[in-house]
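For reference, the structure is listed below as structure tokens.
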Amino acid sequence: MAPTLYDEKPEPGDLIEIFRGSYQHWAVYIGDGFVVHMVPPSEVAGAGSSSMMSVITEKALVRRQELWDVVGTNKWEINNSLDKKYEPRPAEDIVRDARAMVGKEVPYCVFRDNCEHFSNEMRYGKAESRQVCKAGEVAAVAAVAAAVGLGLVALIGALFGGKDKDRKNKQ
């Protein structure tokens with residue numbers, strides 16, 4: 001069940017991670033129940049950032065919306081986990097800079113300029129996306145596994161495939 005206002009109380013400058021199934025959407029809490037986040041310009045009311053356009057667009061809009069309108073029925077949490085790695089900027093600076101971005105069209109790339117990059121840039125001054133890093137790690141492991149699998153197939157073919165040719169040549 002998604003947290004309610006009584007379960008978690010974000011503070012201005014906190015990062016909000018919203019679980020949208022196969023990916024997470026990120027926003028910056030600016031106080032009074034509002035967040036600032038990146039959305040695709042073609043966003044349809046109610047589609048939220050889970051729309052497929054968020055993957056294929058090259059531009060995004062920075063919007064200020066009520067937290068509950070962005071979260072909808074999804075699970076969410078306050079996630080400032082990079083505080084262990086980076087010094088958070090002062091909350092008033094985070095909120096000021098996030099508010100200054102509202103209404104701007106910004107570059108968007110799922111790998112380099114996504115909503116998590118934006119949120120971390122606001123809080124830490126560092127554009128970083130752990131979900132992109134994790135996806136890259138998974139892709140690398142899959143590539144190695146595929147290469148190993150192909151190598152095994154080739155080895156097995158070399159070891160056992162040659163015997164069939166020998167049998168055919170002897171006939």
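What follows draws every value from the coordinates through simple rules; no lab data is involved. Just so it is clear, the structure is predicted and the values come from calculations on it, not from any experiment. We place every Cβ from the backbone using ideal geometry, glycine too, and count neighbours over all the protein chains shown.
Numerical summary
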item	result
Computed FRET value (nearest 0.05) for Ser81 with Lys104, which takes r as the C-beta separation and R₀ as 30 Å	0.65
Distant-in-sequence amide H partners of Tyr108 (H built 1.01 Å from N, under 5 Å)	Lys59, Ala60
Listed peptides 27-33, 96-102 by packing density, highest first (mean Cβ within 10 Å)	27-33, 96-102
Burial order of peptide ranges 84-90, 14-20 (average beta-carbon count within 10 Å, highest first)	14-20, 84-90
Gained length - Phe111 relative to Asn74, 0.36 nm times residue gap less alpha-carbon distance	11.0 nm
Ranked Thr57, Thr73, criterion: other C-beta atoms within 10 Å, fewest first	Thr73, Thr57
